[in-house]
């Protein structure tokens, strides 16, 4: 009996040790993914021969909603007039982008707010096999110009139209995510001669303006992003917008007592690595991914959604109705919070309007978070191939 007991004890020790080892390995993998997962995705894109570049654009057009002489003032008197007065010459502006190998038709990728071209890293290697990809940094993001005169749909659209003419010089496909999806729609409608197809990835149509976002039941992005940024810009106690967001985030507030700890870790991480993308070892990366690129994000871009100037001069229904090329509308499934808040880019009713207004459109609904190309890269690539006629 003693031998049996001793043997059982040894087995128990081995089992406990094995469990502890497995737990240690799982914890190490969890921390490693939080810290380095994005970098590994980017390394794969680099291995697929993507090269980061910059180009100076001549700024030949003055888009509707473009701001004035660098002082933040709108100049609506110049919008859409036949014989408008001469516009003062504008200095060239820098657009940063990553270009892949020339393996097929040109494809312009436009990321969402708060991101940058690297947000597409998970899908770039596969896309590079059959497209000539140009993934841009929108103005106010990444290494592109941080110039508030360019923080509007019209201005970004016009500059990307100029970019396509200058660097592609022919037909191209376009895909945009979130606010980038609205820009992609603008390009499809306003550069119809060259845009052959478009993929609209979860754009917030009919939930773009301040009035639309605040209409009952309210939108997550208004409470979690635009209200927080507006409050940040109105105070002077917290210098770092990422830290301020962590302290006041609606999302982190849902975690109860964990929010102060996340804010504390964010402040410590930003202080230790002020020029690096934000990663937190102990917080699931998906929870804080919206802050990952905040080191290269001008939050004044977000303020234009709070005051409505980002979408000035654009009529959503008219814009969508002028898209004549084949289109796929890739929508994340609509969800609502326990408090009734819309936890999606827009509602099913809004999505139905998009489908109705875009002539040759196919709507595909995916069970996913907002960033479909990150959460479900295979679904995104399949949708891209579908609208391009590659499957």
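Observations on the model:
- Look at the alpha carbon pairs under 8 Å that are at least 6 residues apart: their mean separation over the length of segment 220-302 gives a relative contact order of 25 percent.
- Cα-based Rg of segment 220-302 normalised by 2.2 N^0.38 Å, two decimals: 1.00
- Of the beta bridges in segment 98-195, as assigned by DSSP with both residues counted there, near 15 percent are antiparallel.
- Note on residue 94 and residue 40: the model spin-label points, each 7 Å out from Cα along the C-beta direction, lie 3.2 nm apart.
- If R0 is taken as 35 Å, the Cβ-Cβ distance between residue 334 and residue 307 corresponds to a FRET efficiency of 0.85.
- Set of segment 272-287 residues, backbone N closer than 19 Å to the point 7 Å along the Cα-Cβ line of residue 30: 279-287
- Residue list for segment 194-208, given a label point 7 angstrom along the Cα-to-Cβ vector of residue 130 and an amide N cut-off under 16 Å: 197-199
- With a simple spin-label model that places each label point 7 Å from the Cα along the Cα-to-Cβ direction, the separation between residue 273 and residue 356 comes to 4.8 nm.
- Residue 236-residue 258 FRET efficiency (beta carbon distance; Förster radius 25 Å; 0.05 resolution): 0.40
- Cβ-to-Cβ counts within 10 Å put 153, 325 in ascending order as 325, 153, the fewest first.
- The calculated FRET efficiency for residue 58 paired with residue 318, based on their beta-carbon distance and R0 = 30 Å, is about 0.60.
- In this rough spin-label picture, where each label sits 7 Å from Cα along the Cβ direction, the residue 143-residue 364 distance is 3.1 nm.
No value in this document is a laboratory result; all are computed from the given coordinates. Treat the numbers as computed from the prediction; the structure is a model and nothing was measured. We place every Cβ from the backbone using ideal geometry, glycine too, and count neighbours over all the protein chains shown.
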